[in-house]
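Only one structure is covered here, and it is reproduced in the block below.
The values are calculated or read from the model by the stated rules, or taken from the named source; none is laboratory data. Just so it is clear, the structure is predicted and the values come from calculations on it, not from any experiment. When we count neighbours, we look across all protein chains shown, and the Cβ atoms used for this are built from the backbone with ideal geometry, even at glycine.
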């Protein structure tokens, strides 16, 4: 049987209160807290957090835009779809 995450990634109905999905959401929120509190003067720390959150990214971040669970989820969904 497919996991709830597999179902979600395929765009099929899934249980959003699945314990594995809840754990991933909590991990994401904690990483976003770290990212949002990271100093702009420490791009290496920001890069480490982004790699942990997203897996990879194109370049060192220079944007002052705060990352939220919504933007991170959209990024993760885009990666999973490709």
Filter the stretch 16-30 down to the residues that are more than 18 Å from residue 3 (Cα to Cα) and in contact (Cβ under 8 Å) with a residue 40 or more places away in the chain and list them by number.
28, 29
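Taking residue 7, is it surrounded by 15 or more Cβ atoms within 10 Å (Cβ to Cβ) and modelled with pLDDT of 95 or more? So that I can check it myself, show each step before the final result.
Values: surrounded by 15 or more Cβ atoms within 10 Å (Cβ to Cβ): yes; modelled with pLDDT of 95 or more: yes.
Yes.
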Test for residue 50: is it in contact with a helix residue (DSSP H, G or I) (Cβ under 8 Å, 6 or more places away or on another chain) and touching a residue at least 60 places away in the same chain (Cβ under 8 Å):
no
Considering (1) surrounded by fewer than 15 Cβ atoms within 10 Å (Cβ to Cβ); (2) not in a loop (DSSP other than H, G, I, E, B), say which one residue 39 fails and leave the rest.
(2)
